[in-house]
Amino acid sequence: MLVYEFRAARGRFEGALLGALERTESGGAIRVVDVLFLARLGESRELAALRLNGGGGSLVTRLSEFRLDPARRRELTEQALAGPEGDALEELAALLEPGDAVVAITLEHTWSRSLADAVARSGGESVFEGEVDDGAALTQAALVHTRRAHSRQRRKAAPPRAANV
């Protein structure tokens with residue numbers, strides 16, 4: 001799982017993320033399992049939310065629609081907020097200033113299947129593999145990691161406290 005935060009002053013969404021996700025899957029070694037995109041759009045403070053499961057061409061198509069078609073973006077945002085993760089998405093959205101965004105992605109390392117087969121044929125067995133059990137974990141992880149980042153930023157920005165002597 002990967003979680004990224006974009007602050008308004010630095011974040012620009014011009015299709016680079018979409019292209020990177022498409023290239024990630026094109027070789028077949030990695031599959032995009034879940035995508036969460038949550039943003040507070042500029043001056044309007046409008047919330048844009050997208051939760052997608054699956055991969056392949058349909059993922060890229062849906063991401064493109066979300067990015068380029070405002071009506072489709074509003075529709076997909078309403079679906080995400082009305083879904084089972086709606087409360088967590090709203091909580092995460094409360095952390096975002098205008099122009100801020102959070103992107104969380106769950107990946108499957110499809111190459112690991114052939115490695116696991118080779119290990120089994122050699123008499124070995126896996127003793128640990130880290131993975132996300134369900135899509136809700138993606139939203140929760142985005143929330144936790146974004147809170148941590150905000151906490152670190154507040155500590156950096158806070159003036160030093162005088163020591164009591």
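None of the figures in this text is laboratory data; all of them are computed from the coordinates on show. Owing to the predicted nature of the structure, the values given are computational and were not obtained by experimental measurement. Here the Cβ positions follow ideal geometry from the backbone for every residue, glycine too, while neighbour counts run over all protein chains shown.
The length gained on full extension between A120 and S44, counted as 0.36 nm times the residue separation minus their Cα-Cα distance, comes to 21.8 nm. Extension gain for S112 to A20 (0.36 nm times residue separation, less C-alpha to C-alpha distance): 31.0 nm.
If the segment from E75 to V144 were pulled out straight at 0.36 nm per residue, it would be longer than the present Cα-Cα gap by 22.2 nm.
Note on Q153 and A82: with the Förster distance fixed at 41 Å, the Cβ-Cβ geometry gives a FRET efficiency of about 0.85.
The residues V119, V102, when put in order of fewest to most other Cβ atoms within 10 Å, stand as V119, V102.
Grab the other residues whose beta carbon is less than 12 angstrom from that of A29, score K and R as +1, D and E as -1, and report the net. Cβ neighbours under 12 Å give a net charge of +1.
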